[in-house]
1. At pLDDT 95 or above and assigned by TED's automatic domain parsing to the domain that holds Ala392: is that true of Val306 in this structure?
2. Restricting to the stretch 76-90, count the residues that are buried (at least 24 other Cβ atoms within 10 Å of the Cβ) and modelled with pLDDT under 95.
3. Among what's in the stretch 422-436 and is surrounded by 24 or more Cβ atoms within 10 Å (Cβ to Cβ) and of a type in the set (Ser, Thr, Tyr), pick the residue that is farthest from Arg458 (Cα to Cα).
4. Go through (1) in contact with a His (Cβ under 9 Å, 6 or more places away or on another chain); (2) surrounded by fewer than 24 Cβ atoms within 10 Å (Cβ to Cβ); (3) within 17 Å of Gly312 (Cβ to Cβ); (4) not β-branched (Val, Ile, Thr) and name the single condition Met235 misses.
5. Which of (1) under 24 Å from the mean Cα position of the chain (by Cα); (2) not in a helix (DSSP H, G or I) does Asp324 not meet, given it meets every other one?
6. Could you list, ordered by first residue, the pairs with Cβ atoms under 6 Å in which the first is in the stretch 403-415 and farther than 11 Å from Gly446 by Cβ and the second is surrounded by 12 or more Cβ atoms within 10 Å (Cβ to Cβ), at least 6 apart or interchain?
7. Restricting the search to the stretch 233-258, which residues are modelled with pLDDT of 90 or more and among the polar types (S, T, N, Q)?
8. Evaluate the following for Ile302: is it more than 22 Å from Val215 (Cα to Cα), over 19 Å from the mean Cα position of the chain (by Cα) and part of a helix (DSSP H, G or I)?
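The values are calculated or read from the model by the stated rules, or taken from the named source; none is laboratory data. The model shown is predicted, which means the values in this text are computed figures rather than measured ones. Note: ideal-geometry Cβ built from the backbone for every residue, glycine included; neighbour counts use all protein chains shown.
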Amino acid sequence: MPDQTHIPKSSSWKPKPGDRVVRHPRAEQMSPVKLTVQAQRAQSRALASPLIIGYVFLGMITIGTILLMMPFSHHGTGLAPFVDSLFTATSATTVTGLITQDTATYWTRTGQIVILSLVFTGGLGFMTLATFLMVLIGQRVSLSQRILVKDSLGTDKMGGLVRLTVGIVLATTAIQIIGFIALLTKFSLMYSLPEAIWQSVFHAVSGFNSAGFTVLPEGTSLASVQKDKTILAIMASLIVVGSISYWVMVDVVKHRRFSLLTLNTKLVLILTSVLIALGTMVFFFSEYNNDTLIDLDLSDKIIVSVFESISGRTAGFSTVSHADTEQHTNFFFAAMMFVGGASASVAGGIKVNTVAVVLVAVLSTIRGSRNASAFGREIPQVQVQRAISMVAIAAMFVFLVALILTFSQNASGNQFAFIDLLFESVSAAGTVGLSTGLTSDLSKWGHIILIVTMYLGRIGPLMLGLYMAESNERDLYRYAQERAVIG
């Protein structure tokens, strides 16, 4: 039966007794064909709405919370506390890594499997994984599902999405398997074979997805393997590969020469390298004589500094306690976490692509150029505006979270240094997971604030980018120009 909402008076269709007819306000001027097309477009927009991605993540968090509350997921009797379960499920789904309970000792092997499943699904992307499973069982992928996959992957192309999705799943799984095999060669020398297999699987998945969760029985995070250069090198490699995005990996493998790479790949590789080098130098010189590094020889100090620079920006693994690091070190790493990894990768933050576009625009302005350009390519002005908008919105969001978190802790009688609360706020908003160790000491309201922050930090940049892309339409008119005073 035709859509009752869009039937004009001129239509030959007649309502049946009991039918409810709601006339479109412009039905008199619209043809039935035009009305049908508009109805289909409205339905497609509803199905492809950025909000659906948020609903999917909420569904995953809800399922994870229920499973983690069950007695079989934690040590002890009864149900696990709701806030702890919700916090852990949110942290795992958003691949953050902040925890209120120690993953290795509080959660059972079943609970750890739930956490790992949430990390794998949250890092890969639910729509990507769902599409792959549909292809695997021979189901047809609908147009609305293709639109959602396109948006979640950060691509403008509709053609070949199913093949692309299968390629992403296979490639990322293969990388994690390689990481598992590499880690197994080391963990098999430290644990029994079953335990070594589990440790290798968990840390390969957690490392590639920049999740920051660890289940090493000896200590917090990776402090117990601080002097094991092989394990740190494997984990650092997984983190880097996972944080530069599938598109950059494909471009590098396909072209192999820097001059042939796309502008996006060049910007990601250059800025990522610069940030790693800068973070290494800052950590090395800031912590050289501090308790965090003072007992290590020079080679170990360098290795630890490199690892902290790589992991501290995107993953949240740490070989030292950031409760003992210098305040200026934590302040610098808060800025690193704010930047994060590359767009369409598993890492969070405002993305190195965004920062690179802003830096290119700034340098172009300083040179006196009206247009932002790099490597012989001009960046569209609309992308420059989006990048600046995302940086500004993210900065205001982090400031607001830190302010609310400070008020909530003061009201609860908890006294924490503001730099520590800012550090936790940026870590949650950037879904990094690096912590000074105060997460578990926060009040329940503090935990709830960080839960909301991790959720918005994971889906916020994606939804904001999709919203700005969808609303990118030419204005019907322009106002008269008038200059404002700058500087």
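1. When the stated conditions are applied, Val306 passes them.
2. Total satisfying the criteria: 0.
3. Selected residue: Ser435.
4. Status for Met235: all satisfied but (2).
5. It fails just one condition, (1).
6. Going by the 6 Å Cβ cut-off, there are no qualifying pairs.
7. Within the stretch 233-258, Ser237, Ser243 qualify.
8. Considered against the rule, which asks whether it is more than 22 Å from Val215 (Cα to Cα), over 19 Å from the mean Cα position of the chain (by Cα) and part of a helix (DSSP H, G or I), Ile302 comes out as yes.
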